[in-house]
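Please treat every number below as a calculation from the coordinates, not as lab data. What you see is a predicted model; the values in this text were computed from it and never measured. So basically every Cβ, Gly included, is an ideal-geometry build from the backbone, and we count neighbours across all protein chains shown.
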Amino acid sequence: MKIKLTEKKCVPCEGGMPPMRLAEIKKYLPQLKNKWELSDSKKITYSFKFKTFKQAIVFVNRVAELAESENHHPNIHILYNKVKIILTTHAIGGLSENDFILAAKIENLFNL
C-alpha cells in the first residue's frame, strides 16, 4: 500500500543528493489535489485565493507553523487576498520529496 504524502514527514536535506528528475516529478504532481505549476523542473508553485486579506494572513501563519514543524520552508508571496506558495529544496537546487509532502499538507490547511 502506498503511503499518502500527508502521512509522511519531511526529512532534513543538507545537499549531496541530486534533485528529482522530470519523470519522478511527474509521478508526484498527480498526488496533489491542486494543479501546481512546475517551473524549470526545479520548483512547484500554486496560488491560493481568499475572500479577504485577513483570511490570507491566517493561512500564511498556518503555513509558517507547518513549515517550522516540518523544517522545510516555502517562499511565500502575499498579494492582498492571494497567497502564492513556491516550493523547492534550496540545498539541492531543485525538487525533492519534501516539496511534495509540504505541498500536500499546505493543501489540507487551505480546506480548514
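Values for this structure:
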item: Output for the range 64-99, where each listed residue is in a helix (DSSP H, G or I) and farther than 20 Å from residue 38 by Cβ; result: 64, 65, 66, 67, 68, 69, 70
item: Residue 52 vs. criteria more than 16 Å from residue 107 (Cβ to Cβ), in contact with a Pro (Cβ under 9 Å, 6 or more places away or on another chain) and of a type in the set (Val, Ile, Thr); result: no
item: Every pair of residues 6+ apart whose Cβ atoms lie under 6 Å, when the first sits in the range 55-66 and is touching a residue at least 24 places away in the same chain (Cβ under 8 Å) while the second is assigned to a helix (DSSP H, G or I) and not hydrophobic (A, V, I, L, M, F, W, C); result: 66/105
item: Test: residue 81 is more than 10 Å from the chain's Cα centre (by Cα) and loosely packed, with under 14 Cβ neighbours inside 10 Å; result: no
item: Criterion (surrounded by 12 or more Cβ atoms within 10 Å (Cβ to Cβ) and polar (S, T, N, Q)) met by exactly one of 111, 61, 71; result: 71
item: Candidates 85, 25, 44 - the one that is among the β-branched types (Val, Ile, Thr), more than 17 Å from residue 110 (Cβ to Cβ) and touching a residue at least 12 places away in the same chain (Cβ under 8 Å); result: 25
item: Within the range 25-38, tally of residues that are loosely packed, with under 12 Cβ neighbours inside 10 Å and either in contact with a strand residue (DSSP E or B) (Cβ under 8 Å, 6 or more places away or on another chain) or closer than 20 Å to residue 78 by Cα (or both); result: 1
item: Members of the range 100-112 found to be touching a Lys or Arg at 6+ places or on another chain (Cβ under 8 Å) and part of a helix (DSSP H, G or I), listed by number; result: 101, 104, 107, 109
item: Some residue of the range 31-46 being in a helix (DSSP H, G or I) and within 21 Å of residue 18 (Cβ to Cβ); result: yes
item: Any hit, the range 8-17, residues being surrounded by 14 or more Cβ atoms within 10 Å (Cβ to Cβ), in a loop (DSSP other than H, G, I, E, B) and hydrophobic (A, V, I, L, M, F, W, C); result: yes
